[in-house]
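Each value in this text was obtained by applying a stated rule to the coordinates, not by laboratory testing. Quantities reported herein were computed from a predicted structural model and do not represent experimental measurements. All Cβ positions, even for glycine, are placed from backbone atoms using ideal geometry, and neighbour counts span all protein chains on display.
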Amino acid sequence: MKLQNLRTPHVSKEGRIFSWAALIHCFGTSLLLPIFPNFVESIINSESYVGYFYSAMAIAMAIAGLSSSFFFRKFSRMAVLYFAFMAGALLTMTFVFVNGTYFLFSVEFLRVFVILYILMALALMVRDFAKANNLGKTEGFYYLFSNIGWAIGPITGGVIARYAGNEPVFILSGLCMAITLLYLSHQHLVKRHPSLAQPHLESKVKKVDDFNRFKKYVGSRNRIIAYFVSVALILWMSFKTVVVPLFVADSGYGSDTTGLIISLCILPYILFEMPIGQYADKKGLRLPVISGFFIIAFFALAVWFSPVFYLDALFLILANVGAAFIEPLRDVYFFKNVEKENEDTLYGVFITSEPVGRFFGPAIVSTSLIFLPFDSVFVVAAIILAIAGIFSFLIKD
């Protein structure tokens, strides 16, 4: 039985296909989560500089986001997606041979590009096949499937790394990208929807430079709010990505424990994102976003007060209840405040919120580790997320 034919409550058949593709891709990508920060540390030989490495990769993501409109004007989304999966598979497997800082930097710099293009292409195509009154529900299902992949990947990668080393994890991660490519290529999407083989709305969208795109984007107060909500959420996610593996290793536990904690951190997303998306369709997204940031801030601060490791782990998991309230809504708030013919042009600006958040999150970690004890980074995170919660009162449903 084909994956997309399994009984799932998606709104459209295409939504099922993209959701299954996201599940496989996210599983493969998340295999690296429990090992990559410590892998980077082993190459650059400095725990405090790991965050700065991640921040440098965020600059690559920003460049990729700003250049995205060029590629989506010149090539179809499917063409970009196919190439990105193929390149991502090869680059991820290349980590097996990485043994120096410059080699690591070069491979990860390129991999960041293709990962962002995969996320952008899938998100835009999910939006193409969603009706306006079902956008929150559609995004909720899409993120549900993505998060199932994020949930089972880390524990799998952590266990494999613990008993077989990092190399099999890199190979399996690359193979998952190749499998996703094969899966999509056998769905005959272009045959059913020939427009997918063409650059999206190329004949209707005027070419605009980056300055004018930025100027047009900031012309809407709501789009500015959507941008900063996304930055704050990504800041927490990138903060957690760097801190958790280092924190677990410093506490004397292995990659399997790291993988288990990261996987359990995904459970709140699976449990809450669908009902939150449905709630937002009916009653608005202001309350979930505000509540989400304050929940994250509360449990991040609780980690600082906690006296034992297992309670720390529980609080880190519960903090993601707040993130689950926000994640399916950040794209929704953007799409609700942009005309459909301007989506491709302005989404490239909006997606730069991802690298901005990923730059500041790890940079905060490394700077805090230089000047403060390790657990103080959670206090800093709590303060920032509480400020984001206060800012979110500006959201207009």
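On a C-alpha basis, how far is the centre of the stretch 321-397 from the centre of the stretch 38-100 in Å? Whole number, if you could? What the calculation gives is 20 Å, centre to centre. Sorting MET125, MET86 by the number of Cβ atoms found within 10 Å of their own Cβ, with the fewest placed first, yields MET86, MET125. Residues PHE18, PHE170, PHE39, arranged from fewest to most other Cβ atoms within 10 angstrom of their Cβ, appear as PHE39, PHE170, PHE18. With a sphere of radius 15 Å drawn around the Cβ of ALA161, what net charge do the other residues whose Cβ falls strictly inside it have (Lys, Arg +1; Asp, Glu -1)? Combined, the nearby Lys, Arg, Asp and Glu give -2. Each of LEU81, LEU271 was scored by other Cβ atoms within 10 Å of its Cβ. Arranged with the fewest first, they read LEU271, LEU81.
Peptides 145-153, 92-100 ranked from most to least packed by the mean count of surrounding Cβ atoms within 10 Å: 145-153, 92-100. Counted by Cβ distance under 14 Å from SER366, the other residues give a net charge of -1, where Lys and Arg count +1 and Asp and Glu count -1. For the peptides 61-69, 240-248, the ranking by packing is 240-248, 61-69, with the highest mean count of neighbouring Cβ atoms within 10 Å listed first. Could you sort out which of LYS74/LYS240; LYS216/LYS283; LYS74/LYS215; LYS74/LYS396; LYS74/LYS283 sit more than 31 Å apart by Cα distance in this structure? Where the Cα-Cα span goes over 31 Å, the pairs concerned are LYS74/LYS240; LYS74/LYS396; LYS74/LYS283.
Cα-based radius of gyration for the chain, normalised by 2.2 N^0.38 Å, reads 0.93.
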